[in-house]
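Below you will find the structure I want to go over with you.
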Amino acid sequence: MERLIIRGGHVIDPATDIDGEYDVYVVGGRIAALRPAASDTGEVSPDAPGVTLIDARGLLVVPGFIDLHTHLREPGYEYKETIQTGTDAAKAGGFTTILCMANTNPPNDNESVTRHIIKNAENSGIRVLPVGAVTQGLKGEKLSEMAGLKSAGCAAFSDDGAPVVDAGVMRRALEYSRIFDMPVISHAEDPSLVSGGVMNEGVVSTRLGLKGIPNAAEEAMAARDIALAELTGARLHIAHVSARGTVELVRAAKGRGLKVTAEATPHHLTLTDEAVEGYDTNAKMNPPLRTKEDVEALRAGVRDGTIDAIATDHAPHSVIEKDVEFDGAANGIIGLETAFSLIWGLVEEGVFTPGTAIRAMTVNPAKAVSIDGGTLKVGKIADITLIDPARSWKVEPGNLKSKSKNTPWAGAVLKGVVVKTIAGGKIVYGGPGR
């Protein structure tokens, strides 16, 4: 039986309130024990056959990251990303579980597409959980066969990339999802308020001469979906929150005891609409980058638990979609490989505590979609990420694992490097040495 000892690292596991130097023992792909560093009882000798010893002194040892919002693009858009390149990027970013969205071609609105994704991810080394479409063809008209999607292996439902505009359809989706106790992930956006907008509506959009998207486009749809969650008693997850009003709506919903969770992305937590200066299409995304006040509201939401999870919204696009004029460029950026470093930068600035940051990337995402993971509790699956918090790295797009290179951080120097990613007790990124 395969055994692994991770010795002397600084373990942070918010799910069990562990924060200190521990040795972690892994047997048969599961956490066998955690003991204070240098307190080895000799039960598992590092010299025993089949034992791999990792010297983690000076490193953070945390549960494997869980991303609730990844676009893998396969099937149909393999020129942007494949399951293989996307999961390679995830491993390099410390992620051991990712949920992949349904806006593929064909969309993941039926069991055959779900099974295709799961089969093609079998050898990736990490857990890939498909998100099934809410509606057939992502058209927002007729519900998909949600029972079949669940039985095929979907972990949630979403038409992400487009909102479910018809309130009656969204109500029925929430009612059906309640039968399976699975969340519906809302892309909260009122298209009539977007109306051709390409960035946040405000001073910067006026100065640049670009049509803006008001906060209300997100807030109005979020309010509607929260009202429907209250009506149906179903589980609702608000994706990529960007506006301060949405944070307030989610906070109020939680205060009323509703089954509402929410996520924010690293880019919405670190960038403002000023990043669009120079018409950089790598700063074009949906929802758009907002103002400093919105960023501060999102950060406060993460700190107080209103925003449950930090999710990447990893959205790879090729130069065909990005190397064009701003109005015509596709929305989105890649994010799996930069996510932790960006959030660790906020820890360094004092915006978040280490525990708050790790909680939002591990146990909270697991709870939001009711999956096993996000903890180093004894007996749980050994999904573990090792990080050098003091080491810096330069974002060089050509060296990234993702097939697409659309990142606004090209050339930036970030702090906090993922050293190893361990999934199910096996080292899937970083090799056997230090």
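Could you order peptides 168-178, 219-229 by the average number of other Cβ atoms within 10 Å of their residues, highest first? Mind dumping the intermediate values first?
Details: 168-178: 19.8, 219-229: 21.9.
Output ranking for 168-178, 219-229: 219-229, 168-178.
I'd like to know which of ALA38, ILE334, GLY245 lies farthest towards the positive end of the charge dipole of the chain, counting +1 on Cβ of Lys and Arg and -1 on Cβ of Asp and Glu.
ALA38
Let's test the formula: R0 of 22 Å, r as the Cβ-Cβ distance of ASN123 and SER370. What FRET efficiency results, to the nearest 0.05?
Working: r = 26 Å, r/R0 = 1.18.
So, using R0 = 22 Å, E works out to roughly 0.25.
To the nearest 0.05, how large is the calculated FRET efficiency for VAL413 and LEU53 if R₀ is 45 Å and r is the Cβ-Cβ distance? Walk me through the intermediate numbers first.
Working: r = 32 Å, r/R0 = 0.71.
About 0.90, to the nearest 0.05.
Taking amide hydrogens as modeled 1.01 Å from N in the peptide plane, which residues meet the under 5 Å criterion relative to ALA156, leaving out close sequence neighbours?
Placed amide hydrogens put GLY132 under 5 Å from ALA156.
Shifting gears a bit: Given (i) 69, 57, 43; (ii) 77, 73, 46; (iii) 66, 47, 43 as candidate values of Cα extents along the principal axes in Å, which corresponds to the one derived from the coordinates?
(iii)
If you plug each phi of region 301-309 into the Karplus form 6.51 cos²θ - 1.76 cosθ + 1.60 with θ = phi - 60°, what whole-Hz ³J(HN,Hα) values come out, in order, with x for Gly and Pro?
x, 5, 4, 8, x, 4, 8, 6, 10
Let me ask another. Kindly write out, for region 399-409 in residue order, the coupling ³J(HN,Hα) from the Karplus curve 6.51 cos²θ - 1.76 cosθ + 1.60 (θ = phi - 60°), rounded to whole Hz, with x marking Gly and Pro.
9, 6, 6, 4, 5, 8, 10, 7, 10, x, 9
Relative contact order for the chain: what is it in percent, counting Cα pairs under 8 Å that are at least 6 residues apart? Intermediate results must be reported in sequence, preceding the final value.
On the way: 1070 pairs, mean separation 84.5, N = 434.
With pairs under 8 Å counted, the relative contact order is 19 percent.
Moving to a separate point now. Based on Cβ point charges of +1 for Lys and Arg and -1 for Asp and Glu, what charge dipole magnitude is obtained for region 50-203 about its Cα centre, in debye rounded to the nearest 20?
Numbers: 13 positive and 19 negative charges, 75 e Å.
Charge dipole, region 50-203, about its Cα centre: 360 debye, nearest 20.
Cross-link partners among lysines for LYS80, C-alpha distance below 19 Å, same-chain residues fewer than 8 apart left out?
Correct list for LYS80: LYS91, LYS284, LYS322, LYS401, LYS403, LYS405.
Using only the alpha carbon atoms of region 351-426, find the Kirkwood hydrodynamic radius as the inverse mean reciprocal pair distance, in angstroms to one decimal. Working shown, then result.
Numbers: mean 1/r = 0.0682 Å⁻¹.
Kirkwood radius, region 351-426: 14.7 Å.
Once you list every other residue whose beta carbon is under 10 Å from the beta carbon of VAL24, what net charge do they have if Lys and Arg are +1 and Asp and Glu are -1?
On the way: positive: ARG7, ARG35; negative: ASP13, ASP23.
Residues near VAL24 contribute 0 overall.
Counting only helical runs of four or more DSSP H residues, what would the 222 nm mean residue ellipticity of the chain come to if each run contributes -39,500 (n - 2.57) and the total is spread over all its residues?
Details: 14 runs with 127 residues, N = 434.
Helix-only estimate at 222 nm: -8500 deg cm²/dmol.
Quick one: work out the % antiparallel among DSSP beta bridges in region 64-368, nearest 5.
Details: 1 of 24 bridges.
So the antiparallel bridges in region 64-368 amount to around 5 percent.
A further question on this structure: Name the residue from ALA162, ILE427, LEU289 whose Cα lies farthest towards the positive end of the charge dipole of the chain, charges +1 on Cβ of Lys and Arg and -1 on Cβ of Asp and Glu.
ILE427
I'd like to compare 184-196, 387-399: which one has the highest average count of other Cβ atoms within 10 Å, and what's the full order after that? Intermediate values should be presented prior to the final figure.
Numbers: 184-196: 19.8, 387-399: 14.4.
With the highest mean Cβ count within 10 Å placed first, the list reads 184-196, 387-399.
For the ranges 13-25, 230-242, what's the packing order if you count other beta-carbon atoms within 10 Å of each residue, average per peptide, and put the highest first? Intermediate values should be presented prior to the final figure.
Details: 13-25: 18.7, 230-242: 22.5.
Result, highest mean first: 230-242, 13-25.
FYI, it's all coordinate maths here, none of it is from the lab. Worth saying up front: this structure is predicted, and the values here are computed from it rather than measured. Methodologically, a virtual Cβ is constructed for each residue, glycine included, from the backbone with ideal geometry; neighbour enumeration extends over all protein chains shown.
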